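This report refers to the structure that appears directly beneath it.
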Amino acid sequence: MEWPVDVALARPVTQLPTGPWAYEIKVDGHQTVLWRTEDGVRLQSRTGRDVTALWMDLAVAAMRLPPGVILDGEAVVYLSDADGNARISFEAAQSRALSRPRRARELSDRHPATYVAFDVLAHPAAGFPDLRPRPYVERRQVLLDVLADAGPSIAPVWSTTDLDEALLWYAALEGTGVEGIVAKPLQGAYRRAGPGRRSGTRTQSTRPWSGSPAPPGTRRGSPYGCPTDV
């Protein structure tokens, strides 16, 4: 797979589909492709820019992944409110993304980033040099396997095949940086967004967009273990 990769993009819908779909929460951060190369880590923005210098804390954490792994996900930053509760701050992620490398390092010291992975595009060591044509259910399982020992800084997004459960997550996480719900067909491939179009992935939210997992170290049970993905 050649750098940069075209990423899949969600499109807003007024109603979520039912049937053989997976439902993920959408976090409010910066979509970022994580490349674990043979000798390091590179991070790519949605538009194809190299943003490794802005997210060096994620690059260091990703060294635990097997070489050749490529992930699609969201770089997010958690902040604590006045009550000590963690929430995802788009403003904090935006400040990092718009900073110069030196300033980004200073910000990462104060508020380390978390990478919320929602897809895996390649895992050569497991026999998958390009997972994009494979169905979501297969990619999801590979994602869970590859992140099993990645540590708290890199975690899979919450995913379920139960729409009611997804809506409960969304209601419970309101105000924590969750934008909505992303629906993905269980048998669907990873569809890259080409010029003038977007992928078949669907999104619904009561606000502009959708998604988010719990803060690191909390509620790490069944939501992370559901066998689903795009």
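The values are calculated or read from the model by the stated rules, or taken from the named source; none is laboratory data. As the structure is a prediction and not an experimental result, all values here were calculated from the model. Please note: Cβ atoms are built from the backbone with ideal geometry, for glycine as well, and neighbour counts cover all protein chains shown. Each accessible area value is taken on the protein alone, full model and side chains, heavy atoms only, with ligands, DNA and RNA left out. Shrake-Rupley method; radii C 1.70, N 1.55, O 1.52, S 1.80 Å.
Sequence-distant or interchain residues sharing an amide H contact under 5 Å with Val120, placed H: which?
Residues meeting the criterion, in which the H sits 1.01 Å from N, are Asp72.
Points 7 angstrom from Cα along the Cβ direction at Arg100 and Asp164: gap in nanometres?
Once both label points are built, they end up 5.6 nm from each other.
Mind listing the phi-derived Karplus ³J(HN,Hα) values for the stretch 170-178, rounded to whole Hz, using 6.51, -1.76 and 1.60 with θ = phi - 60°, and x for any glycine or proline?
Result, rounded to whole Hz: 4, 5, 5, 9, 4, x, 9, x, 8.
Counting only protein chains, not ligands or nucleic acids, how are Glu165, Glu179 ordered by accessible area (probe 1.4 Å), most first?
Glu165, Glu179
Once fully extended, how much extra length lies between Ala126 and Asp50, figured as 0.36 nm per residue of separation less the alpha-carbon to alpha-carbon distance?
Full extension from Ala126 to Asp50 adds 24.7 nm.
Mind running the shape call on the stretch 1-152? Use the C-alpha gyration tensor, a ≥ b ≥ c as the square roots of the eigenvalues: rounded below 1.5 for a/c, prolate if a/b tops b/c, oblate otherwise.
The shape class here is oblate.
Quick check: at a probe of 1.4 Å, how many percent of the accessible area of the stretch 35-151 sits on carbon and sulfur atoms?
Taking all protein chains in place, the stretch 35-151 shows 50 percent carbon and sulfur surface.
Arrange the peptides 171-178, 29-36 so that the one whose residues have, on average, the most other Cβ atoms within 10 Å appears first.
29-36, 171-178
Working out 0.36 nm times the residue gap between Leu79 and Leu9, then minus their Cα-Cα distance, what length gain in nm do you get to one decimal?
22.6 nm
Once you sort the root eigenvalues of the Cα gyration tensor of the stretch 94-137 as a ≥ b ≥ c, which label holds: rounded (a/c under 1.5), prolate (a/b larger than b/c) or oblate (the other case)?
Note, shape of the stretch 94-137 comes out prolate.
Work through the residues other than Ser80 whose Cβ is under 13 Å from its Cβ and net out their charges, Lys, Arg +1 and Asp, Glu -1. Mind showing how you got there, number by number?
Details: positive: Arg87, Arg110; negative: Asp81, Asp83.
So the environment of Ser80 carries a net charge of 0.
Label the stretch 4-67 by shape, choosing from rounded, prolate and oblate, from the square roots a ≥ b ≥ c of the eigenvalues of the Cα gyration tensor; if a/c is under 1.5 it is rounded, and otherwise prolate applies when a/b is larger than b/c, oblate when it is not. Can you show the working numbers first?
Values: a/c = 2.57, a/b = 2.07, b/c = 1.24.
The shape class here is prolate.
With a probe of 1.4 Å, find how much accessible area the stretch 59-150 has per residue, and write the answer as a whole number in Å².
47 Å²
For Cα pairs less than 8 Å apart in space and 6+ apart in sequence, what is the mean separation divided by the residue count of the stretch 17-107, i.e. the relative contact order in percent?
The value is 31 percent.
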